[in-house]
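See below for the structure under consideration.
The values are calculated or read from the model by the stated rules, or taken from the named source; none is laboratory data. Computed from a prediction, not measured in an experiment: that's the story for all the values here. Virtual Cβ from ideal backbone geometry, glycine too; neighbours counted across all protein chains shown.
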Amino acid sequence: MENNNKSSSHAVFNIKLHIVFVTKYRRKTLTPELLDYLKIAFTETLEAWRCKLIEFGGEADHVHLLVDIHPALDISILINNLKTASARKARNRFEAHLAQFYYKPLFWHRAYFVGSVGGATLETVRAYVNAQGTMEHARKSDAKKLKSKPPAFIQQQE
């Protein structure tokens with residue numbers, strides 16, 4: 001399995017977020033060209049925050065971002081910055097198109113979705129945390145150690 005952990009001076013981390021933004025009034029303003037432009041805008045903004053856009057997709061009235069973030073970030077500030085920067089860039093570049101939908105300088109709805117994403121399911125992590133300090137956990141740890149050592153008869157031959 002691939003190790004995607006990153007490290008800083010005092011932390012090892014692997015934090016991925018699924019973010020969803022919806023257009024104001026759920027209006028179908030996002031054309032394929034505008035979606036392509038938003039992908040670039042989000043990528044640039046995230047890089048400035050020491051983050052990375054892993055995946056991007058969207059439809060006419062919403063976008064999905066899969067983002068790799070740094071642990072020192074305040075998520076709500078990052079989200080608001082992403083929305084503000086992308087809306088400003090989109091309104092400047094697609095002013096005539098967006099004027100058909102909004103009379104004021106609007107773009108994103110103020111609400112958003114954000115959820116953490118990981119390689120293990122919630123049930124797997126919950127069971128792992130719950131098993132810490134139990135005899136079952138100790139047996140499994142011992143079994144893993146035994147698997148990593150060669151059998152005794154091989155050790156004797158060396």
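Suppose the filter is modelled with pLDDT of 95 or more and out of contact with any His (no Cβ under 7 Å at 6 or more places or on another chain); does T23 pass it? So T23 does not fit the description; no. Here E95 fulfils each of the conditions (1) free of Cβ contacts under 8 Å to residues at least 12 places away in the same chain; (2) touching a Leu at 6+ places or on another chain (Cβ under 7 Å) apart from (2). Going through (1) in contact with a Gly (Cβ under 9 Å, 6 or more places away or on another chain); (2) surrounded by 14 or more Cβ atoms within 10 Å (Cβ to Cβ) one by one, H62 falls short only on (1). For the range 65-88, the set of residues classified as surrounded by 15 or more Cβ atoms within 10 Å (Cβ to Cβ) and of a type in the set (V, I, T) consists of V67, I69, I79, listed by residue number. The listed residues are K52, K89, and the only one of them that is touching a strand residue (DSSP E or B) at 6+ places or on another chain (Cβ under 8 Å), among the charged types (D, E, K, R) and at negative phi turns out to be K52.
Screening F42, F21 for residues that are hydrophobic (A, V, I, L, M, F, W, C), part of a helix (DSSP H, G or I) and either assigned by TED's automatic domain parsing to the domain that holds L82 or exposed (fewer than 15 other Cβ atoms within 10 Å of the Cβ) (or both) leaves exactly one candidate, F42. For the range 72-84, the criterion of being modelled with pLDDT under 95, in contact with a Cys (Cβ under 8 Å, 6 or more places away or on another chain) and closer than 29 Å to N4 by Cα is met by at least one residue.
Can you name the residue in the range 109-124 that is more than 19 Å from the chain's Cα centre (by Cα) and closer than 24 Å to R26 by Cα and is also surrounded by the fewest Cβ atoms within 10 Å (Cβ to Cβ) among such residues? Lay out the reasoning, then the answer.
We begin by selecting, within the range 109-124, every residue more than 19 Å from the chain's Cα centre (by Cα); these are 109-110, 123-124.
Next cut, closer than 24 Å to R26 by Cα only: 109-110.
On the way: H109: 16, R110: 9.
This residue is R110.
Note on the range 45-59: among residues that are in contact with a helix residue (DSSP H, G or I) (Cβ under 8 Å, 6 or more places away or on another chain) and in a helix (DSSP H, G or I), the one that is surrounded by the most Cβ atoms within 10 Å (Cβ to Cβ) is L46. Condition check: touching a Pro at 6+ places or on another chain (Cβ under 7 Å), surrounded by fewer than 17 Cβ atoms within 10 Å (Cβ to Cβ) and farther than 23 Å from A120 by Cβ. Does R91 satisfy that? For R91, the condition - touching a Pro at 6+ places or on another chain (Cβ under 7 Å), surrounded by fewer than 17 Cβ atoms within 10 Å (Cβ to Cβ) and farther than 23 Å from A120 by Cβ - is met.
Let me confirm something: among L35, L30, L106, which residue is more than 21 Å from S8 (Cα to Cα) and crowded, with 18+ Cβ neighbours inside 10 Å?
Values: L35 fails: crowded, with 18+ Cβ neighbours inside 10 Å; L106 fails: crowded, with 18+ Cβ neighbours inside 10 Å.
Checking each option against the conditions leaves just L30.
Looking at this structure, is K28 modelled with pLDDT of 95 or more and part of a loop (DSSP other than H, G, I, E, B)?
Details: modelled with pLDDT of 95 or more: yes; part of a loop (DSSP other than H, G, I, E, B): yes.
For K28, the condition - modelled with pLDDT of 95 or more and part of a loop (DSSP other than H, G, I, E, B) - is met.
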